[in-house]
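What follows is a single structure, written as structure tokens, with notes after it.
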Amino acid sequence: MTESRDVILQLRDLKTYFALRQGVFQRVTGFVKAVDGINLDIYRGEVLGLVGESGCGKTTLGKSILQLIRPTAGEITYHGADGTDGAVDMCCLSDAEMVAYRKKLQIVFQDPHSSLNPAFTIFGSLQDPLKKYGVKSKKERRKIIGDLLEAVNLQRDYMDRYPHEFSGGQRQRIGIARALSVEPELIVCDEAVSALDVSIQAQVLQLLMDLKKKRNLTYIFITHDLSVTEYICDRIAVMYLGRIVELAHTEDLYEHRLHPYTQALLSSIPVADLDRKTKRIVLEGDVPSPINPPSGCPFHPRCRFAKDICSTEVPALRKVVTGGKEHHVSCHLVDDTVTAA
Amino acid sequence: MANSALNRKFDRIRALEEAGELKPLTGSRALRKMMNNRLAMVGVVIFLIILLSAIFAPLLTAHSPTKIDLRSMLQSPSGEHWFGTDKTGRDVFARVLYGGRVSILVGLGSALLAALIGVGVGCYTGYKGGILDVIALRVSEIFMSFPQIILVLLLVSIAGQSLANLIVIFVLTGWGGMYRLARARMLSLREEEYVQALRSFGISTPMICYKHILPNALGPIMVNITLTTAMFILAEAGLSFLGLGVPLNIPTWGNILNVAKDLRVLQNNWWMWLPVGMVISLFVLSVNFIGDGLRDSTDPSQQG
Amino acid sequence: MTGEVALSVKNLKTFFYTNNRCNKAVNGVSFDIKKGRTLCVVGESGCGKSVTASTIMQLLPSLSRIEEGSITYHAEAGDIRIDQLDRDGKEMRRIRGSEIAMIFQDPMTALNPVYTIGFQIGESLKYHTDLSAKARHAKVVDLLANMGIPEPERRAKEYPHKYSGGMRQRALIAMAMSCNPKILIADEPTTALDVTIQAQIFRLMDELKEQHGTAIMLITHDMGVVAELADEVIVMYMGNIVEAGTVDDILRRPKHPYTRALLDSIPVLGRGRNQDIKSIRGATPDPYQRPKGCQFSPRCDFATETCSAMPDEEYITETHRVSCHHYKDISQHD
């Protein structure tokens, strides 16, 4: 894999804040800084993992990319294949202009129980997007949906059933089929396997990898499960309080954990292998509120290496090289911690 | 032991299950639960009997509800006049049947219209949120804070007594409740992931909220429509009894009851008010049974 | 003391009778919970692991009952047959909380938002001990401090909404531990929590086990948690125990095809990108249309005709038991 690949999405200084309102007049009293200045390039054909704990802004970032939540500031530039569609900043588009790009970017959700409309059959749920993108005849829509269901290893005639007749894993496949229906280039998988039983999780992961190969897809894989990201992702971005603290190729991240947060996070994952028990770094305290994030490095109150500079200056995401590959980390003390790790 | 009945039921189910005689349940769970609810089914039967006899009134009685027959005033019930006759010789049975048409029309019609407006507004603003939602909420509060009876007095004195006026007043005072219900359902349903998925395809807002979300909110709305129908029928009867409802020349259940204001009628001519009073009570009761049954059957948290 | 049996379950069957059907949620399970040990019950959703826990606590919903088997609590004063006690009787209420305590999956809903944390912990002490109000308060503060909650004096006076998820789970553990129960049943206690917080809770549970000799029954779906905490493991599938043994038996020498398949289907941290993951084909069956005999047979690669009869439990070693007709043939493939 070369570093100079085809970029599909470029995020520049992306910020998504939620206003906190109070009182009769709905006065704005503060902001939840869910996503706070993200710079990220997503390459065509890669699987990028976004990991972090709840409240770190990974889901908000996913939804901001799809413009399901409008970002407060920053740019999300979409680059069409081979430069055919040019480069467009999607944050500046109106809802109507955005429609053309909705076809390119899709999402698969976490909860298989709420991701399908219980009042409609599978065909009923999946046909409206097709109608919207110009498939006029019902016969043709039935054919397309049948093909999609087969693509996710389900039977064609399932399309006339209701969601409650399916198991969690089957629903998740249908959710994937729905995302594929408009032939997107990039799919955001928002905790797509987290709610599934482990035996089913493996089926869905393998399906996702299969589809990626066949359809040349790009995934943004949002999850809190670092064992899954290690298996499926090419690159991983670790988020903490709305920022990326570390971004690296998967093998690099697991071998050279530079940021103290990544070290603690990886060490606290229970590993189902008695021969791989590692010494756990137990972090004290909780994730601070994103309403009043700590000054300087957001991680410094829980960091065991924290120095004076950490509480005053926000560290930038810098490029370092580990194992001959690009590795980005935002920590003032990265050299110190490399030796400590 | 107090649980022995329950234990016997468990034994029976287990025996059937082990014999492989229980089939997977098919069809709508809500419908099945409704069918198993005895009270609700009694309600449905009574409701249908009253509704159908009102609709097919000409087939059930040869008498006219409005024809005055001075030769047969104040007759007690007989084979000819089942519920007797009133002070001007009109057949009370015919009046109850034909009166049912208007009363049910007012009750059900107003409830449906109120639901149409309330749900129509509530669905859209509840989904969309923002300033539109705040405005709709405040407007509904204004309407709901007016006392119904004062509004009726006001409108009757301005526009005169008429059926249409009554329906308008019922709708004006009734849509707020429906609106709030629909809005509350929308606020929780709009967070469902299938809604997010539709948005990610760029499907338009009216399409999402009316076609895709509304069917999921229909359960509680149906319950509310039935209960509101019962409420409006009672309100019509009450207002007509006071002489403020439907004009007296049109037979309605309330107008028939109107005669009972006369103490002499109340004491001597029981047939003029007792049958119609019972029909009103039965009808309202049956509608309430149906409403409760619907609520239980559409509530997923209740097992059975 | 450690290793002494605190509670034994024999051939327990719990069936549910909702919607006029009979669901054999727990269909004949036997195991012991031992003092100072952690017993992990693992399995996928619908395997009956949570139902087993609520049966022990007699916290089942009304449309269900214990069909067969026994649950014996070995109290200091003599054995108590929990399955024969009245669900809401005085004796059962005494046991719940003071002898056996339970913590739940969702710390967000398990606390009452209108009372302070201190009050809610004190409540349990009030019913199960005869401490004075002052002594109770002191004990509450002490418990919170032991659970690693900073400034316990002040925190005891706060309401649950001021607590984060991890702190609430600690408060719940404090509540569960307030009367020094002999047995702690934890039903997926960290599933709703983040991994760094999960690590804190695990450290706490290990301390309880070592310092108080508490017997812990931990219900989980995560093999990683099993590897971290368990001394003994039970693997459940569709209401039956398919395999049980020490953590070494299960993770290093799994015999049952389901246990093996389960272990093969999870990505393990540190094994890198090209690790071989095998998914289990099919899905867990509908509880109302159970396969005959071995419940795993329709999804099992080794299934034969003999599998349409329910296999007996066989002891491979003193600690390791498995219920599979073919376990000997399967292990020859290794």
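Volume of the convex hull of the range A:182-341 (Cα atoms only), normalised per residue: 155 Å³.
So how far apart, in nm, are the two label points at C:S45 and B:A5 if each is 7 Å from Cα heading toward Cβ? Going from the C:S45 label point to the B:A5 one covers 3.5 nm. When the Cα positions of B:A30, B:L153, B:W271 are compared along the charge dipole of the range B:28-302, B:A30 comes out farthest toward the positive end, with charges on each C-beta of Lys, Arg, Asp and Glu. Among the residues of C:279-286, the average count of other protein chain beta-carbon atoms within 10 Å of the residue beta-carbon is 5. Between amide H atoms placed 1.01 Å from N, distances below 5 Å from C:S64 occur with C:Y17, all of them 5 or more places distant or on a separate chain. Backbone phi angles across the range C:216-222, fed through the Karplus curve with coefficients 6.51, -1.76 and 1.60 (θ = phi - 60°), yield HN-Hα couplings of 10, 10, 10, 9, 8, 10, 9 Hz in residue order; Gly and Pro are listed as x. Helix content alone sets the calculated 222 nm mean residue ellipticity of chain C: runs of n ≥ 4 DSSP H residues at -39500 (n - 2.57) each, divided across all residues, give -9000 deg cm²/dmol. Scanning residues 5 or more positions from C:I280 or on other chains, those with amide H under 5 Å from its amide H are A:Q203, with H placed 1.01 Å from N in the peptide plane. For the residues A:I107, A:I291, A:I176, a GNM of chain A with alpha-carbon springs under 10 Å puts the largest fluctuation on A:I291.
Shape call for the range B:179-218 from the C-alpha gyration tensor, a ≥ b ≥ c root eigenvalues: rounded (a/c under 1.5), prolate (a/b greater than b/c) or oblate? Here the range B:179-218 falls in the prolate category. Checking the a/c ratio against 1.5 first, then a/b against b/c, what shape does the Cα gyration tensor give for the range A:270-341? Oblate, because a/c is 1.5 or more while a/b does not exceed b/c. Look at the stretch A:105-113: the mean tally of other chain Cβ atoms within 10 Å of its residues' Cβ atoms is 3. For the range A:109-126, backbone phi angles converted through the Karplus equation (6.51, -1.76, 1.60; θ = phi - 60°) give residue-by-residue couplings of 9, 7, 8, x, 8, 10, 8, 10, 6, x, 8, 10, 6, 4, 4, x, 6, 8 Hz, Gly and Pro being listed as x. Cross-link pairs exceeding 20 Å in C-alpha to C-alpha distance, out of C:K35/C:K209; B:K128/B:K211; A:K131/A:K213; A:K131/B:K211; B:K9/C:K13; A:K63/A:K213, comprise A:K131/A:K213; A:K63/A:K213.
Secondary-structure-derived ellipticity at 222 nm for chain A, considering helices only, amounts to -8500 deg cm²/dmol, per-run term -39500 (n - 2.57) for DSSP H runs with n ≥ 4.
For the range C:1-53, count the residues as N, evaluate 2.2 N^0.38 Å, and divide the Cα radius of gyration by that value, please. Working shown, then result.
Working: Rg = 13.5 Å, N = 53, 2.2 N^0.38 = 9.9 Å.
Ratio of Rg to 2.2 N^0.38 Å for the range C:1-53: 1.36.
Across the range A:234-296, the convex hull enclosing all Cα atoms gives 112 Å³ per residue.
Which helices count as membrane-span-like in chain B under these terms: full DSSP H, at least 24 Å along the axis by C-alpha, Kyte-Doolittle mean of 1.6 or more?
Once both thresholds are applied, what remains is B:38-55.
Descending by average beta-carbon neighbour count within 10 Å, the peptides A:277-290, C:4-17, C:247-260 line up as C:247-260, C:4-17, A:277-290, the highest first. What is the range A:139-236 by shape, rounded, prolate or oblate, if you read a ≥ b ≥ c off the alpha carbon gyration tensor as root eigenvalues and call it rounded for a/c under 1.5, prolate for a/b larger than b/c, and oblate otherwise? Because a/c hits 1.5 or more and a/b fails to exceed b/c, the range A:139-236 counts as oblate. Size of the range B:193-245 from its Cα atoms: along the principal axes, largest to smallest, the extents are 57, 18, 10 Å. Annotation: peptides B:142-150, A:60-68, B:220-228, ranked by per-residue average of other Cβ atoms within 10 Å with the highest first, follow the order A:60-68, B:220-228, B:142-150.
For chain A, what does the convex hull of the Cα positions come to per residue, in cubic angstrom? Present the calculation step by step, with values, prior to reporting the outcome.
Values: hull volume 56.9 nm³, N = 341.
Convex hull volume per residue, Cα atoms: 167 Å³.
By the Kirkwood approach, averaging reciprocal distances over each pair of separate Cα atoms, the range C:226-334 gets a hydrodynamic radius of 14.8 Å.
For chain C, the Stokes-Einstein estimate of translational diffusion at 4 °C and a viscosity of 1.567 mPa s comes to 61 µm²/s, using the Kirkwood hydrodynamic radius over alpha-carbon pairs. Collect residues whose amide H, placed 1.01 Å from N in the peptide plane, falls under 5 Å from the amide H of A:T218; neighbours closer than 5 in sequence don't count. Residues meeting the amide H criterion: A:G45, A:L186, A:I187. Within the shell of other residues whose beta carbon sits under 13 angstrom from the beta carbon of A:L148, the net charge comes to +4, with Lys and Arg scored +1 and Asp and Glu -1. Here the Karplus relation 6.51 cos²θ - 1.76 cosθ + 1.60, evaluated at θ = phi - 60°, turns the backbone of the range C:315-326 into coupling constants of 8, 7, 10, 4, 9, 9, 10, 9, 10, 7, 5, 10 Hz, with x for every Gly and Pro.
With the simple spin-label model, which puts each label point 7 Å out from Cα in the Cβ direction, the B:E80 to A:V99 separation comes to 7.3 nm. Once the gyration tensor of the Cα atoms in the protein assembly as shown is diagonalised, the equivalent ellipsoid follows with semi-axes of 57, 38, 30 Å, ordered largest first. With the alpha-carbon atoms of the range B:28-302 aligned to their principal axes, the span from lowest to highest coordinate is 76, 48, 28 Å, starting with the largest.
Need the C-alpha centroid separation for the range B:54-99 versus the range C:186-227, integer Å. Each part's Cα centre sits 79 Å from the other's. Against chain A, whose longest principal axis comes from its Cα atoms, helix A:168-180 is set at around 80 degrees. For a label point 7 Å from the Cα of C:D276 along Cα→C-beta, name the residues of the range A:200-239 whose backbone N is under 14 Å from it. Correct set: none at all.
Each value in this text was obtained by applying a stated rule to the coordinates, not by laboratory testing. The structure presented is a predicted model; accordingly, all values stated were derived computationally and were not measured. Virtual Cβ from ideal backbone geometry, glycine too; neighbours counted across all protein chains shown.
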